[in-house]
Ligand SMILES: [Zn+2]
C-alpha cells in the first residue's frame, strides 16, 4: 500500500503496542512529512512480571518510556488517558474521550488495534480499544448530534476519518514497506525497557525482524494489495469510510 497521509492518529491500548505493531509505518510517514498524534488509553500499570513493583511506580516508568519512544518515531504529541491497565470497557465515557481526540486532531488515517482476532490470543484491552476506536470514528465523531455537547459547549466540530488501519489482524489486506524504517522502529521498541524482559537487544531485533519478514511475505502473496518485492513490512486490516 502506498499512502502518504498528512495527519494520523494512533490509538494504542498500552505503551509499546504501537511501536511493536506499527512503529515502522509511523516512522516512514513522519519522514514523509506527516503529523502524527497519539492517544495512549491505559497507564500500562499491570505489564510487568516482577511481583515487587508497585502499579503506580510502573505506570510512571512506562509513561516515560512511551514519551521516549514517541520522540524516536517523531510522534508530535501523545494524550495519555490514564485508564487502569486491564480495565478498559466499551463505555460511552471512553468512546467520548476518543471522539474528542478524533475531532480535535482530524486525522485522515487512524491506526489502532484489531478488535476481532478470533484464533490467536489477544489482550482484552486490545479488543476493546479497537472496538471503541472503530465506533468513535464511525459514526460518533462524524455526526454533530453524537456527544453534541462537544460541539455545542466547546465548539469541537465533527470529523470524517477516511481510513482505519488495524494492527494485529489475522486477515491483513494492506502492507507497508518498512525496510528503510526498521532501525528506527527497533529503537522505539527498545525504549520500552520494562517490556523487553530478559531478552537482549539482538534477541528482540531477531524477533521483530522475523515478524517484519513474515508480513513482507504475506504482502507479496496477497491479492488484496498490489505490493511486490517487500522485504520488511507491517501488515494491517484496512477499513475505509466515505468522507
Ligand atoms: Zn498491549
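The values are calculated or read from the model by the stated rules, or taken from the named source; none is laboratory data. Only a predicted model underlies this, so the values are computations on that prediction, with no experimental measurement involved. Backbone-built Cβ (ideal geometry, glycine too); neighbour counts: all protein chains shown.
The table for this structure:
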{"item": "Unique residue being in contact with a helix residue (DSSP H, G or I) (Cβ under 6 Å, 6 or more places away or on another chain) and away from the ligand (no atom under 16 Å from the Cβ) when the list is 54, 37", "result": "37"}
{"item": "Candidate set: segment 225-241, residues that are at pLDDT below 95 and loosely packed, with under 15 Cβ neighbours inside 10 Å; chosen: the one farthest from residue 193 (Cα to Cα)", "result": "226"}
{"item": "Filter result for the condition that a residue is buried (at least 16 other Cβ atoms within 10 Å of the Cβ), modelled with pLDDT under 95 and within 16 Å of the ligand (Cβ to nearest atom), over 48, 63", "result": "48"}
{"item": "Test: residue 86 is part of a loop (DSSP other than H, G, I, E, B) and either within 13 Å of the ligand (Cβ to nearest atom) or under 16 Å from the mean Cα position of the chain (by Cα) (or both)", "result": "yes"}
{"item": "Matching residues in segment 6-25 - criterion: being within 16 Å of the ligand (Cβ to nearest atom), in a helix (DSSP H, G or I) and touching a helix residue (DSSP H, G or I) at 6+ places or on another chain (Cβ under 8 Å)", "result": "17, 18, 19, 20, 23"}
{"item": "Check on residue 149, under 25 Å from residue 75 (Cα atoms) and surrounded by fewer than 19 Cβ atoms within 10 Å (Cβ to Cβ)", "result": "no"}
{"item": "Members of segment 152-189 found to be touching a helix residue (DSSP H, G or I) at 6+ places or on another chain (Cβ under 9 Å) and farther than 20 Å from residue 29 by Cα, listed by number", "result": "154, 156, 157, 158, 159, 160"}
